[in-house]
Amino acid sequence: MNLNTASREQLEALPRVGPALAERIERGRPYRGLDDLDAVPGVGPKLLETLGPLVTF
């Protein structure tokens with residue numbers, strides 16, 4: 001799933017991503033890679049490990 005174009009509902013379908021985190025991910029766009037996503041509050045190493053194989057930029 002492309003984090004730069006996914007809807008909030010699509011983001012919430014990702015593992016461990018709820019409504020509040022989906023909103024923060026939306027507000028943090030655009031992303032160029034996992035390092036950009038890591039800057040979003042609530043995203044840490046474990047979530048990056050989980051989302052890494054599931055997302056594109």
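Coordinate-derived values only; no laboratory data. Here the structure is a predicted model, which is why all the values come from computation and not from measurement. With ideal geometry, Cβ positions are generated from the backbone for all residues, glycine too; neighbour counts draw on all protein chains shown.
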What's the number of the condition Gly42 fails, among (1) exposed (fewer than 12 other Cβ atoms within 10 Å of the Cβ); (2) farther than 12 Å from Leu3 by Cα? (1)
Within the range 40-48, identify whether any single residue is free of Cβ contacts under 8 Å to residues at least 12 places away in the same chain, assigned to a loop (DSSP other than H, G, I, E, B) and either in contact with a Cys (Cβ under 7 Å, 6 or more places away or on another chain) or not acidic (Asp, Glu) (or both), and answer yes or no. yes
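Residues are listed down the side, and each one gets a yes or a no for (1) touching a Phe, Trp or Tyr at 6+ places or on another chain (Cβ under 7 Å); (2) of a type in the set (Ser, Thr, Tyr); (3) at negative phi:
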residue	(1), (2), (3)
Ala6	no, no, yes
Arg16	no, no, no
Ala22	no, no, yes
Tyr31	yes, yes, yes
Asp36	no, no, yes
Val43	no, no, yes
Leu48	no, no, yes
Leu51	no, no, yes
Thr56	no, yes, yes
Across the range 1-33, which residue is surrounded by the most Cβ atoms within 10 Å (Cβ to Cβ) among those that are aliphatic (A, V, I, L, M) and over 9 Å from the mean Cα position of the chain (by Cα)? Ala6
